Structures are given as C-alpha cells and as structure tokens.
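Below is one structure, written out as structure tokens; comments come after it.
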Amino acid sequence: MTEQSLRDTMVMLGASLFARGYATGGAGNLSARLPDGTLIATPTGSCLGRLEADRLAKVSLDGRHLDGDRPSKEVAFHLALYHNNPECQAVVHLHCTHLTALSCLDGLNPANVIRPFTPYYVMRVGSLPLIPYYKPGDARIAEELGRRAQEAGAFLLANHGPVVMGKNLVEAVNNMEELEETARLALLLHGQPIRYLSESEVAELRSLKP
C-alpha cells in the first residue's frame, strides 16, 4: 500500500469508527507501518471522525516526528509493539464503551480478561491479557506492552481501554470491532450461566484463525 493509500484508509476507518460510536471526542489513536519502516499515526488530541490525510503524523521507528501534525504521546506504546512483534503492522487504541467498562471491573483475570465463549473472539483475537493501571502517557505502559508484545494480539489497559494489533490497519480495526462486540456480550451475559468453549474447542478454532 502506498503512503497516500494508507493515509486515505486511516481517515476512512477513523471516520467509520467515530460514526458508529467506537470513538468519542479526541480519544483513541491509530497507527500503521509503511514499507520503509516509518509510521503514519493520528495526531495528538485529534478526533477520529475528523482526520485529514495530509495532517496525519509521520514518525520514525525511533520515535522522531518526521512530518505532519505532532503525534499522540501514546505513539510510544505503539512503537513498543512494533519493535517487539515483527508481525505487527498496525495498532488501534480506543476508549470504546464496553471494553473500557470491562477494564474498570475488579477481579479480572490478568492472563485473559475474557474467557472464550464465541468462536470469532478466539479466531480473531485469541486472548486478552490485562496491563496494570498506569496513568495515560506513563512510560510503563510501553514497557509492559513491549515486554508482552508476542503474548497476544490484543491487550486491555486497566481503567483505560483496549490496544489491538493487526497485520494491516483494516485487520487491526476488524479485530478491535470483534473484541468490542465480545465485551458487550460478556457484560450483557454477566451473572448468567454461560456455556464457555472447551479447551479442545478453543484449540480447534485457533487452527482456523484467519
């Protein structure tokens, strides 16, 4: 994908996420890697519904701002994922309603916040480890994500929201949408008897992962 195509795709996907309520105000950020290793990222404080292709930030892998508006301070944890997971080509971080609500619950399983109960959660996301709470912009978020970057394709920041990776930006957004729907269902079913997927069923689904 050319740089211009990637910029246009980021604007289109940001507008789609915003229009459907996955993002509000200036919250959340997107990034994707170009073939030369540099990143295109959403600017600091930008609304995903009102991105402009020529104002998106361009950032080097060592974090230097190369072009466009200044990137979000959270690009630091995006970079940690790119550096530590070679399959990561795009990162989506949102404060979407159900995943953020889930991130505020006490007693979550830090190894996997959502126990598998639907096939596509397993196939698209796999598992959802919990990152301990740190204030937004804290360097320890990047440290934690970098250390655990190959552990899963998505993480939940405690009292904050989800971070999802993909092999391209479209895949990362699709995975985020699947994860948000899974969180919505988990909260809807809270307190009800749930038929969770068995270990053998999960293993079979993992072999079918798209």
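The values are calculated or read from the model by the stated rules, or taken from the named source; none is laboratory data. As the structure is a prediction and not an experimental result, all values here were calculated from the model. Positions of Cβ are backbone-derived with ideal geometry, glycine not excepted, and every protein chain shown enters the neighbour counts.
Could you list, in sequence order, all residues of the range 116-133 that are under 18 Å from His160 (Cα atoms) and either hydrophobic (A, V, I, L, M, F, W, C) or touching a helix residue (DSSP H, G or I) at 6+ places or on another chain (Cβ under 6 Å) (or both)?
Answer for the range 116-133, where residues must be under 18 Å from His160 (Cα atoms) and either hydrophobic (A, V, I, L, M, F, W, C) or touching a helix residue (DSSP H, G or I) at 6+ places or on another chain (Cβ under 6 Å) (or both): Leu128, Leu130, Ile131.
Regarding Ala172, is this residue of a type outside the set (Asp, Glu), under 29 Å from Asp8 (Cβ atoms), more than 12 Å from the chain's Cα centre (by Cα) and modelled with pLDDT of 95 or more?
Against the criterion (of a type outside the set (Asp, Glu), under 29 Å from Asp8 (Cβ atoms), more than 12 Å from the chain's Cα centre (by Cα) and modelled with pLDDT of 95 or more), Ala172 does not qualify.
Residue pairs, Cβ under 7 Å, 6 or more apart or interchain, first in the range 69-80 and closer than 16 Å to Leu48 by Cβ, second modelled with pLDDT of 95 or more and in a helix (DSSP H, G or I). List them.
That search, which allows pairs on different chains as well, returns Asp69/Arg55.
Kindly indicate which of Arg50, Arg70 is modelled with pLDDT of 95 or more, surrounded by fewer than 16 Cβ atoms within 10 Å (Cβ to Cβ), touching a strand residue (DSSP E or B) at 6+ places or on another chain (Cβ under 7 Å) and basic (Lys, Arg).
Just one listed residue meets the conditions, Arg70.
What number of residues within the range 74-116 satisfy the criterion of being closer than 22 Å to Glu3 by Cα and charged (D, E, K, R)?
Adding up the residues that qualify gives 2.
When you check Gly21 against the structure, is it at pLDDT below 95 and either exposed (fewer than 15 other Cβ atoms within 10 Å of the Cβ) or not charged (D, E, K, R) (or both), yes or no?
No; evaluated as a whole, the condition is false for this residue.
Taking Asn175 as the residue in question, decide whether it is part of a loop (DSSP other than H, G, I, E, B) and within 25 Å of Ala90 (Cβ to Cβ).
Judged against the criteria, Asn175 is not a match.
Filter the range 24-45 down to the residues that are farther than 22 Å from Asp62 by Cα and either exposed (fewer than 15 other Cβ atoms within 10 Å of the Cβ) or free of Cβ contacts under 8 Å to residues at least 60 places away in the same chain (or both) and list them by number.
Answer for the range 24-45, where residues must be farther than 22 Å from Asp62 by Cα and either exposed (fewer than 15 other Cβ atoms within 10 Å of the Cβ) or free of Cβ contacts under 8 Å to residues at least 60 places away in the same chain (or both): Gly25, Gly26.
Give the residue, chosen from Met165, Met176, that is touching a residue at least 12 places away in the same chain (Cβ under 8 Å) and farther than 17 Å from Ala101 by Cα.
Residue meeting the stated conditions: Met165.
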